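Asker: Sharing a structure here in structure tokens format.
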Ligand SMILES: [Zn+2]
């Protein structure tokens, strides 16, 4: 039996009463049909409504021909009058996203003639795909125009044009659709074949924000947000910027320049400290001239610096240069270098005795050990 679609008659209807016309038990739950419903079934990229029917939770809503099927977690008696209540937060979010997408897609279609070839309302952002290239600057200009459509608070209209009338309408998504075709119009901005539930006035969309635009197949994939989602996202971004502004003592609209300056300073400091480290390592290495095997400890060197220091010492010591850096608590990273010998056996023995991990080539071994400095010293003294 055909279900009366209350969601099309009043997009703000949150509660309704209807008569149960069918209830079939399946493996998933109970498939309930009603004579009328405000529950939107999934379609056109828009997620279905959730909520309650009587005491049962509505877990999914689907369309089957002219009927809307409500998947419920409990049975409902056929013939019974039942109250339906939809999860309004979820529905309004879907309407804000979908209507905002129509406005931007309409503007892109008007400007470039591109088609929306993919639409998905994700958990975080909407993804919309277009079949042609759009630059970031062009997109920002259209985003501005899209928001003007929101501020103008235009009515979002829909109708089912007669077949001969439909042929003359230049609407988006023009493909072979079974008649009747539902046409959704934002006057001056968009005309599109769509089965979704939209806001009644564009002002309800609140805000339209584009987050990114990347190359995708022959066109682009745009990430965007509307309404409360956009507000929440921009608030979170604002909070991040507020923290960065405080850390850098930069004005809120100058954090980018401050971060760039800090990054350049950091790079310069890295080069400077690498130069100083090299000098320092050479000084240490020279103190081990012709000393044979060397065991040397440091506290805070990176694994790469441990390697560099071991390399430097090996140039002078004429034996195995073993450098450890770390602490008894955290363990040590280690590098052993021997210019004219093989340290693989030594490395293997060390892995066993000192709870180590690592390996290398004949002349070099790199890894880490979980042992104390005393244990390391004993291992080298007794080998
Ligand atoms: Zn649509």
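The values are calculated or read from the model by the stated rules, or taken from the named source; none is laboratory data. All of these numbers come straight from a predicted model, not from anything done at the bench. FYI the Cβ positions are ideal-geometry reconstructions off the backbone, even for glycines, and counts take in every protein chain you see.
Asker: Take the conditions surrounded by 13 or more Cβ atoms within 10 Å (Cβ to Cβ) and either over 27 Å from the mean Cα position of the chain (by Cα) or outside any strand (DSSP E or B) (or both) and apply them to residue 267. Does it pass?
Answerer: Here the answer is no, as residue 267 does not meet what is asked.
Asker: Considering only residues that are part of a loop (DSSP other than H, G, I, E, B) and at pLDDT below 95, look in the range 36-46 and name the one that is nearest to residue 71 (Cα to Cα). Give the steps one after another, and end with the answer.
Answerer: Let us first name the residues in the range 36-46 that are part of a loop (DSSP other than H, G, I, E, B), namely 38-42, 44-45.
Those still in the list that are at pLDDT below 95 too: 42, 44-45.
Working: 42: 12, 44: 20, 45: 19 Å.
Out of the qualifying residues, it is 42.
Asker: If only one of 156, 150, 121, 128 is more than 15 Å from the ligand (Cβ to nearest atom) and either closer than 23 Å to residue 228 by Cα or exposed (fewer than 13 other Cβ atoms within 10 Å of the Cβ) (or both), which one is it? Lay out the reasoning, then the answer.
Answerer: Working: 156 fails: more than 15 Å from the ligand (Cβ to nearest atom); 121 fails: more than 15 Å from the ligand (Cβ to nearest atom); 128 fails: more than 15 Å from the ligand (Cβ to nearest atom).
From the options 156, 150, 121, 128, the qualifying one is 150.
Asker: Given the options 23, 11, name the one that is within 16 Å of the ligand (Cβ to nearest atom) and either outside any loop (DSSP other than H, G, I, E, B) or touching a residue at least 40 places away in the same chain (Cβ under 8 Å) (or both). Show your work before the answer.
Answerer: Values: 23 fails: within 16 Å of the ligand (Cβ to nearest atom).
Residue meeting the stated conditions: 11.
Asker: Whether any residue in the range 192-200 is farther than 23 Å from residue 41 by Cβ and either at pLDDT below 95 or assigned by TED's automatic domain parsing to the domain that holds residue 112 (or both) is what I want to check.
Answerer: Going residue by residue through the range 192-200, those that are farther than 23 Å from residue 41 by Cβ are none.
No: the range 192-200 contains no residue that is farther than 23 Å from residue 41 by Cβ and either at pLDDT below 95 or assigned by TED's automatic domain parsing to the domain that holds residue 112 (or both).
Asker: Which residue, of 139, 104, 166, is free of Cβ contacts under 8 Å to residues at least 24 places away in the same chain and part of a helix (DSSP H, G or I)?
Answerer: Working: 139 fails: free of Cβ contacts under 8 Å to residues at least 24 places away in the same chain; 104 fails: free of Cβ contacts under 8 Å to residues at least 24 places away in the same chain.
None of the others qualify; the one that does is 166.
Asker: Which of the residues belonging to the range 245-284 are over 30 Å from residue 295 (Cα atoms) and touching a residue at least 24 places away in the same chain (Cβ under 8 Å)?
Answerer: none
Asker: Being farther than 30 Å from residue 42 by Cα, in contact with a helix residue (DSSP H, G or I) (Cβ under 9 Å, 6 or more places away or on another chain) and loosely packed, with under 11 Cβ neighbours inside 10 Å narrows it down to one residue among 249, 287; which is it? Spell out how you get there, then give the answer.
Answerer: Details: 287 fails: loosely packed, with under 11 Cβ neighbours inside 10 Å.
Within the list 249, 287, the selection yields 249.
Asker: So which pairs qualify, if the first residue must be in the range 221-242 and on the phi < 0 side of the Ramachandran plot and surrounded by fewer than 17 Cβ atoms within 10 Å (Cβ to Cβ), the second must be modelled with pLDDT of 95 or more and part of a helix (DSSP H, G or I), the Cβ gap must be under 6 Å, and the two must be at least 6 apart or on different chains?
Answerer: From the range 221-242, the pairs are 241/255.
Asker: OK, next. When you check residue 212 against the structure, is it outside any strand (DSSP E or B), at pLDDT 95 or above, more than 20 Å from residue 7 (Cβ to Cβ) and away from the ligand (no atom under 16 Å from the Cβ), yes or no?
Answerer: So residue 212 fails the test.
Let's see how each residue does on (1) more than 24 Å from residue 98 (Cβ to Cβ); (2) within 16 Å of the ligand (Cβ to nearest atom); (3) crowded, with 18+ Cβ neighbours inside 10 Å; (4) more than 31 Å from the chain's Cα centre (by Cα):
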{"position": "2", "(1), (2), (3), (4)": "yes, no, no, yes"}
{"position": "16", "(1), (2), (3), (4)": "no, no, yes, yes"}
{"position": "28", "(1), (2), (3), (4)": "yes, no, no, no"}
{"position": "43", "(1), (2), (3), (4)": "no, yes, no, no"}
{"position": "63", "(1), (2), (3), (4)": "no, yes, no, no"}
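Asker: Could you list, in sequence order, all residues of the range 81-91 that are closer than 30 Å to residue 186 by Cβ, away from the ligand (no atom under 16 Å from the Cβ) and not in a loop (DSSP other than H, G, I, E, B)?
Answerer: 84, 85, 86, 88, 89, 90
Asker: Next up: Could you list, in sequence order, the residues of the range 133-144 that are within 13 Å of residue 101 (Cα to Cα) and more than 24 Å from the chain's Cα centre (by Cα)?
Answerer: none
Asker: Mind checking whether some residue in the range 223-235 is out of contact with any helix residue (DSSP H, G or I) (no Cβ under 6 Å at 6 or more places or on another chain), assigned by TED's automatic domain parsing to the domain that holds residue 99 and either within 16 Å of the ligand (Cβ to nearest atom) or assigned to a strand (DSSP E or B) (or both)?
Answerer: Yes, the conditions are met somewhere in the range 223-235.
Asker: Is it the case that residue 78 is under 28 Å from the mean Cα position of the chain (by Cα) and either within 16 Å of the ligand (Cβ to nearest atom) or not assigned by TED's automatic domain parsing to the domain that holds residue 209 (or both)?
Answerer: Taking the combined requirement at face value, the residue does not satisfy it.
Asker: One residue is enough: does the range 79-89 have a residue meeting the conditions free of Cβ contacts under 8 Å to residues at least 24 places away in the same chain and surrounded by fewer than 22 Cβ atoms within 10 Å (Cβ to Cβ)?
Answerer: Let us first name the residues in the range 79-89 that are free of Cβ contacts under 8 Å to residues at least 24 places away in the same chain, namely 89.
Right, trim to surrounded by fewer than 22 Cβ atoms within 10 Å (Cβ to Cβ) and you get 89.
Yes, that holds for at least one residue.
Asker: Any idea which residue in the range 162-208 is nearest to the ligand (Cβ to nearest atom), counting only those that are surrounded by fewer than 17 Cβ atoms within 10 Å (Cβ to Cβ) and under 22 Å from residue 10 (Cα atoms)?
Answerer: It comes out as 182.
Asker: Now for a separate question. Residue 114 is checked against (1) outside any loop (DSSP other than H, G, I, E, B); (2) farther than 22 Å from residue 3 by Cα; (3) touching a residue at least 12 places away in the same chain (Cβ under 8 Å) and fails just one. What number does that condition carry?
Answerer: Single failed check for residue 114: (1).
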